[in-house]
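The values are calculated or read from the model by the stated rules, or taken from the named source; none is laboratory data. Just so we're clear, the structure is a prediction, and the values are computed from it rather than from any experiment. Cβ sites come from the backbone with ideal geometry, for glycine too, and all protein chains shown count toward neighbours. When the accessible area is computed, the model is the full protein with side chains, heavy atoms only, and any ligands, DNA or RNA have been set aside. Shrake-Rupley method; radii C 1.70, N 1.55, O 1.52, S 1.80 Å.
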Amino acid sequence: MAKRKIPYTKRATTYDEQIANLRRHGVVISDEAKAKECLADMGYYRLGFYLHPFEITYPCVTSGRSHNVYPGTRIEDAVALYYFDLDLRNILNRYLSRIEVAIRNIFIYELSNKYIDNPTWFVDPNVVTADFISDFPTAAYNSIKKNEVIKRHHHKYIGQYAPAWKTMEYMTLGNIEILYDSLILDKDKKLVSNRFGEPATATFKSYLSAVREVRNACAHGKALFDLNLSFGIRSGKAGAFQGIHRHTFREALIVVNYLLSRISVNRITDMWNEIYDAARELYVKAPSVRSLIEQKTGIRLPSEDI
């Protein structure tokens, strides 16, 4: 039986009321002016995502959640965690973009050269499923064809679609993931996955899903350190993932590391140096969160920092 819904009765609150609420839940606030500045910057609701790990009932998010924090929890601890998470999103966004471009280019190269006489193989019923073909106009191409490059193509050439190397340049990572899953032949999928050293196509598909979810979290400002993936990551060349750990950000970061390592060793070094710098800054401001970050993200500073 569905749970009976109740009316929503909460109302908006002022900064003074928000500070009073935080104190009532045990948050230490020694500088009200600075606290108001932080609340104006990030918002009371968003701050809650970063206070959540300090709650006595964490990780509970439903009935039984008290919002009361452990004694000694400062608002500065949650704010420092927020800015670390922001830095982490900004860092990863750059390297996820590198992965996305590489996946797209390999996809285009391998399949376009295999189906060299059919530049629009991505809508060929012998290559992809009928469902993908029927959904493609509304799911992707109606937006893609608004780009000036695609407009110029259609102004000059006949045909419903521009070739793969033009069309796929403007497909989202989500579109690419669906296209990969819609390839009829497993050997076509392997043309892409093998380039990343992963022979199991279902496993590579789970890598794509993980990268997409992390990329979306980065783009839309979600709390990254506590991210739970909708789809579990399969065990493969990136690592062995079991149980609930198939859905965590920590395992997604392992996948990001693996895929980037197949593209550029130099970029791997750059990414981790930036992540370590952000972690060091966090631990200076809020040393109490170190164990949380290590547990939730798997980020551990090099031995010389310990």
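Listing for the model above:
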{"item": "Failed item in (1) within 26 Å of the chain's Cα centre (by Cα); (2) under 30 Å from residue 274 (Cα atoms); (3) touching a residue at least 40 places away in the same chain (Cβ under 8 Å), with residue 73 passing the rest", "result": "(1)"}
{"item": "In the range 152-168, residue farthest from residue 113 (Cα to Cα) [restricted to those that are open to solvent by 30 Å² or more (accessible area, probe 1.4 Å) and part of a helix (DSSP H, G or I)]", "result": "155"}
{"item": "Entirely in the range 234-302, the helices (runs of 4 or more DSSP H) that have 2 or more residues that are touching an Asp or Glu at 6+ places or on another chain (Cβ under 8 Å)", "result": "249-261, 265-285"}
{"item": "Filter pass, residue 146 being on the phi < 0 side of the Ramachandran plot and either assigned to a helix (DSSP H, G or I) or touching a strand residue (DSSP E or B) at 6+ places or on another chain (Cβ under 9 Å) (or both)", "result": "no"}
{"item": "Residue within the range 155-162 that is under 29 Å from residue 219 (Cα atoms) and within 29 Å of the chain's Cα centre (by Cα) present", "result": "no"}
{"item": "Qualifying residue in the range 166-181 (condition: within 19 Å of residue 128 (Cβ to Cβ), polar (S, T, N, Q) and in contact with a strand residue (DSSP E or B) (Cβ under 6 Å, 6 or more places away or on another chain))", "result": "no"}
{"item": "Elements of type helices (runs of 4 or more DSSP H) contained in the range 8-106, each with 3 or more residues being of a type in the set (Phe, Trp, Tyr)", "result": "44-51"}
{"item": "Filter result (open to solvent by 20 Å² or more (accessible area, probe 1.4 Å), of a type in the set (D, E, K, R), within 17 Å of the chain's Cα centre (by Cα) and closer than 14 Å to residue 203 by Cβ) within the range 237-272", "result": "246"}
{"item": "Odd one out for residue 247, checked against (1) touching a strand residue (DSSP E or B) at 6+ places or on another chain (Cβ under 7 Å); (2) within 14 Å of residue 95 (Cβ to Cβ)", "result": "(2)"}
{"item": "Subset of the range 1-32 [open to solvent by less than 100 Å² (accessible area, probe 1.4 Å) and in contact (Cβ under 8 Å) with a residue 40 or more places away in the chain]", "result": "22, 25, 26, 27, 28, 29"}
{"item": "Any chance residue 83 is open to solvent by 40 Å² or more (accessible area, probe 1.4 Å), farther than 18 Å from residue 172 by Cα and within 18 Å of the chain's Cα centre (by Cα)", "result": "yes"}
{"item": "Qualifying positions in the range 110-132 - open to solvent by 40 Å² or more (accessible area, probe 1.4 Å) and either touching a strand residue (DSSP E or B) at 6+ places or on another chain (Cβ under 6 Å) or farther than 17 Å from residue 165 by Cα (or both)", "result": "125, 126, 129, 130, 131"}
{"item": "Close pairs (6 angstrom Cβ cut-off, 6 or more residues apart or separate chains): open to solvent by 80 Å² or more (accessible area, probe 1.4 Å) in the range 283-305, small (Gly, Ala, Ser) anywhere", "result": "285/80"}
{"item": "Pick from the range 206-231, criterion open to solvent by 50 Å² or more (accessible area, probe 1.4 Å) and hydrophobic (A, V, I, L, M, F, W, C), ranking: nearest to residue 248 (Cα to Cα)", "result": "231"}
{"item": "Filter result (exposed (fewer than 13 other Cβ atoms within 10 Å of the Cβ) and either among the small types (Gly, Ala, Ser) or in contact (Cβ under 8 Å) with a residue 12 or more places away in the chain (or both)) within the range 33-53", "result": "33, 40, 43"}
